[in-house]
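The structure appears right after this line, and notes come after that.
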Amino acid sequence: MSPTFSPRMHRSLLAGTALLLAPMGCATSSQVGAARDEAALRTDEPPRVKPKWGLVIHGGAGVISRENLSPEREAAMRAVLTQALQAGHAVLAKGGRSLDAVTAAIRVLEDSPYFNAGKGAVFNHDGVNELDAAVMDGKTRMAGAVAGVRHIQNPIDLARLVMEKSPHVMMVGDGAEAFAQSQGMPLVDAKYFYTEERWQGLQRALEQEKAKEAPPAEQGQPSTQGLSPGQPTPPAQPPAPQQGQPATPAQPGQPSSQPQPQPQPGSSLTPGVDPITGDHKFGTVGAVALDQHGDLAAGTSTGGMTNKRFGRVGDSPIIGAGTYADERCAVSATGHGEFFIRYTVARDICARVEYQDLPLPEAASYVINDVLVKAGGEGGVIAMDRQGHVAMPFNSSGMYRGYIGEDGTPTVAIFQQP
Ligand code: ASP
């Protein structure tokens, strides 16, 4: 069965294609494909796709603009997202489990340097990559999570080992890595996670932090610039507590007016700002899937936030916050983790489906575009329910996202406006 689109989506799809065909000559087929996909997954109404089974992925949300994304980079990211969708689809098409589809898709995204997970993870304040991941099986409500691991190539696989091979749900740091070794999972050198782009991102964040924070008397303190990856930095000031910024509420099902998160005093963990490009984005990856047996699963993997300190852990590995699945509903989140933890976003969406009998797209949109916007929390989620309803709401200007149903046609979108 092909995905069904609402009449409005059909209109915009045709309009988008026509617009591109007019001056055509120079539009490549991949540009036409991208415009078609953007129109199909537009955000001013919930996606009306309803496959019998399928997979939805995200590669992070934030202020992502066409101006800040080069055509080459955009094409490369779309290609990786497509590959992740196809990896998950290959599992589901064979009658495989949603859990396997989720981990297969996330592994592809973790192996790419473009997303903030696995290979492309951001650096923390000390110049180290600390990775978080979680997975949850909706059918059994078994879950596994790891946080602050430094030598695990695919943290989503370790999260799954925690779920399947231990009596626990969450393991952190050295303990999680010792468990990995006990299960035969090799540790990789921390250098594996080094990318020049992320390293420069940290340097820029440190400079911004220093410029904002250091009173004149402290200007002479040793600089963290020029540090080698993995080397500890000089002692740092503790960050000030973070406060939500009130923002304009939006109607459920409608895109919000943009929340305007402000820089947090005492910290350069500015919500959504990727200091690499000046672009605003988070870059975490996640997947949710519904398999042919009617079972749901969710998974999320991240490097967290650039310049994070003191063992900070975000929402991604917290079951019920950034990752959740039960027999009705599966959610993976991306955004400013502190808000997603405090508002238990993933579970809140599924609880509204369960207790209020809300359609999934409505529940997801309400939590992201109303509850979170009012709180000042920036980000988005992907979600699926047992009937195959799909939701991908976000309250920032972009979210890397994609969908594939049983017909095997991948659809990838990035921006809010087609
Ligand atoms: N939610 C993640 C965190 O706070 C960041 C992200 O989504 O990119 O760690």
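The values are calculated or read from the model by the stated rules, or taken from the named source; none is laboratory data. Predicted, not measured: the structure shown is a model, and the values here were computed from it. Using ideal geometry, Cβ is built from the backbone for each residue, glycine included, and neighbour counts are taken over all protein chains shown. For the accessible areas, the whole protein counts, side chains as well, though only heavy atoms, and no ligand, DNA or RNA atoms are used. Shrake-Rupley method; radii C 1.70, N 1.55, O 1.52, S 1.80 Å.
Summary of values
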| quantity | calculated |
| --- | --- |
| One residue from Val135, Val128 being more than 25 Å from Val412 (Cβ to Cβ) and not in a helix (DSSP H, G or I) | Val128 |
| Asp174 vs. criteria open to solvent by 20 Å² or more (accessible area, probe 1.4 Å), modelled with pLDDT of 95 or more and within 21 Å of the chain's Cα centre (by Cα) | no |
| Where Ala351 falls short, out of the listed (1) hydrophobic (A, V, I, L, M, F, W, C); (2) under 25 Å from Asp132 (Cβ atoms); (3) in contact with a strand residue (DSSP E or B) (Cβ under 7 Å, 6 or more places away or on another chain) | (3) |
| Filtered residues of the stretch 345-358 (kept if within 16 Å of the ligand (Cβ to nearest atom) and more than 16 Å from the chain's Cα centre (by Cα)) | Arg347, Asp348, Ile349 |
| Residue match in the stretch 96-105 (condition: assigned to a helix (DSSP H, G or I), more than 16 Å from the ligand (Cβ to nearest atom), within 17 Å of Ala330 (Cβ to Cβ) and open to solvent by 30 Å² or more (accessible area, probe 1.4 Å)) | yes |
| Conditions (1) open to solvent by 70 Å² or more (accessible area, probe 1.4 Å); (2) within 26 Å of Ile152 (Cα to Cα); (3) part of a helix (DSSP H, G or I): number failed by Leu202 | (1) |
| Checking Ile318 against (1) open to solvent by 10 Å² or more (accessible area, probe 1.4 Å); (2) away from the ligand (no atom under 14 Å from the Cβ), the condition it does not meet | (2) |
| Subset of the stretch 321-336 that is under 30 Å from Trp199 (Cα atoms), at pLDDT 95 or above and not in a strand (DSSP E or B) - its residue that is nearest to the ligand (Cβ to nearest atom) | Gly322 |
| Failed criterion for Met77 (all others in (1) within 16 Å of the ligand (Cβ to nearest atom); (2) surrounded by 24 or more Cβ atoms within 10 Å (Cβ to Cβ) hold) | (2) |
| Qualifying residue in the stretch 272-283 (condition: modelled with pLDDT under 95, more than 13 Å from the ligand (Cβ to nearest atom), polar (S, T, N, Q) and open to solvent by 10 Å² or more (accessible area, probe 1.4 Å)) | yes |
| 3 or more residues modelled with pLDDT of 95 or more, crowded, with 24+ Cβ neighbours inside 10 Å and polar (S, T, N, Q): qualifying strands (runs of 3 or more DSSP E) within the stretch 355-418 | none |
| Meets criteria (surrounded by 24 or more Cβ atoms within 10 Å (Cβ to Cβ) and assigned to a helix (DSSP H, G or I)) for Ile64 | no |
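Yes/no per residue for (1) over 16 Å from the mean Cα position of the chain (by Cα); (2) within 14 Å of the ligand (Cβ to nearest atom); (3) modelled with pLDDT of 95 or more; (4) in a loop (DSSP other than H, G, I, E, B):
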site: Ala289; (1), (2), (3), (4): no, no, yes, no
site: Ser301; (1), (2), (3), (4): no, yes, yes, no
site: Asn307; (1), (2), (3), (4): yes, yes, no, yes
site: Arg312; (1), (2), (3), (4): yes, yes, yes, yes
